[in-house]
Every structure is written in C-alpha cells, then in structure tokens.
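Heads up: the structure comes next, in structure tokens.
The values are calculated or read from the model by the stated rules, or taken from the named source; none is laboratory data. On a predicted model such as this, the values are computed, not experimentally measured, just so you know. So basically every Cβ, Gly included, is an ideal-geometry build from the backbone, and we count neighbours across all protein chains shown. For accessibility, only protein heavy atoms count, side chains too; no ligands or nucleic acids. Shrake-Rupley method; radii C 1.70, N 1.55, O 1.52, S 1.80 Å.
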Amino acid sequence: MNYRALLSEYFGTTVLVATVIGSGIMGTNLSDDNLIVLLVNALATVFVLGILILTLGPVSGAHFNPLVTIALALTKQFPAKQIIPFVLVQVLGAIFGAAIANSMFSQAVFQISTKQRFEVGTALGEVIATSLLLFVVLSLIRSDRSKLIAIAVPAVIGAGYFFTSSTSFANPAVTIGRIFSDSFAGIAPESAAGFIVFQIVGASLALGLTQLLFAKKP
C-alpha cells in the first residue's frame, strides 16, 4: 500500500473541501449579493484545485474524487485493489475539510446542512457536470495529454459553477463533505444522496463517450 499516495489524497481532498466551504462562508460575510458570493466561491475553488493537481499529481494522481478513482480503475489505469483505500481517505478528508472551514469562521465544528438542492433540474445539472469532468480527465489521459489536466479540470469546474443548475458538485466525496456545513456551500443529506446517484450516472456516460471517441487502435 502506498501510504504517501493515501496521505496525498486525504490532504488534497481536505484542502479542496475547506476551500469550497470556506470561500462560500467568506463570500456571504462580504456580500449579500449571491452573484458575488458564487464568484468568490468559484474562483477560490478553481485556483486551489489547479494548485493541488500540480503539486500532488506526481504523488497520487490527484484524484480527490471517488468517481475519478473508479473510472481510472475501470479503464486499467489504476490498481483496482486501491479503490477502497483511496475512496475512504477522500471521504474522510472531505469531512475533515468541512470541520476546518467551520472552525476557521468560528462556527460550530460539527454541523449538518439544511440546504435543500435536489430537484429535476439540479439532477440533470449533476449528470452534465460529472460527465463533462470525467470526460475531460479520461480523454486527456487517453490522448496522451495528461499534463493539461491541471488546467482543464479547474476550467471545467469553474465553468460548471455558472452554467449548471447544481453549481457542479461532480464529486461524491466533496458532496458528502458539504453535508457537514450549514452554509452557502452546504447540502442537506437527502439532497446529497440524490446528487451522488446522478453523479454516478454522469460518470457512466463519460466512460461510454470516451470509449466511443478515443478507442485505442489495435
């Protein structure tokens, strides 16, 4: 077992979720305008995600997302036996990231969000956001352009904040982490369950589309 890789995934997911939630809280502290809050949230997430991929990519691949881990395993680019440890540390890191963000802003460390987000439109938004994210990752790897992931992934997440109705969660670990903060970036547990189901649908579509468009020649 590569413990450095596990630590990398734990640390990266912790920082990512702390950024998502913390920037949301900061945004609401600075302004009552939802557009400004969303912009602060998106920019902070984009910048930190790019930095995390650049720094931790050589250590663990910088997945920070169970669906990325599983998709890479299904396409024979990641050891299947490491799926469970990776997913476990990603989820634990996400929950810890929420606790850190709450603490930084002098809020209760442990919270459960009451923010309802799940409806037909946001379910479709998660399908689109997750399928696009996974398609970008898998297609760049399949076409031997993985060095562009550090630019492309933050770009697609940043765009998803504004063009999807769900604001592009696209990550089951981050979705679970956001349950534990009753803030701008939070999500109620029942909404989170629905989001995760449709994230899985989106990931499945991305796998199929990547195979159709980037099938390796014999």
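Annotations for the structure displayed:
- Fully extending the segment from V197 to L213 would add 3.3 nm, taking 0.36 nm per residue of separation and subtracting the current Cα-Cα distance.
- Rounded accessible area per residue of segment 118-181, 1.4 Å, Å²: 37 Å²
- Ranked from largest to smallest solvent-accessible area, with a 1.4 Å probe on the protein heavy atoms, S168, S103 come out as S103, S168.
- Part-to-part distance (alpha-carbon centres) for segment 75-143 and segment 1-56, which is given in Å: 11 Å
- Axial C-alpha extent at least 15 Å, average Kyte-Doolittle at least -1.0 - helices from the chain (DSSP): 3-30, 34-60, 83-104, 120-142, 149-163, 189-213
- Förster radius 45 Å - calculated FRET efficiency between A80 and A108, Cβ distance, rounded to 0.05: 0.70
- Segment 74-199: relative contact order in percent, alpha carbon pairs under 8 Å with at least 6 residues between: 39 percent
- Given [x] 1.31; [y] 1.01; [z] 0.96, the label whose value is Rg/Rh (Cα atoms, Kirkwood Rh) derived from this model: [z]
- Heavy atoms of R145: accessible area, 1.4 Å probe, square angstrom to 10: 110 Å²
- Cα-based shape type of segment 108-200, given that a ≥ b ≥ c are square roots of the gyration tensor eigenvalues and the cut on a/c is 1.5: prolate
- Heavy-atom accessible surface of the chain: percent carbon and sulfur, 1.4 Å: 71 percent
- Using a probe of 1.4 Å, the accessible surface attributed to V109 totals some 90 Å² when neighbouring protein chains are kept in position.
- Heavy-atom accessible surface of I25, to the nearest 10 Å², is about 0 Å², with a 1.4 Å probe and all protein chains retained.
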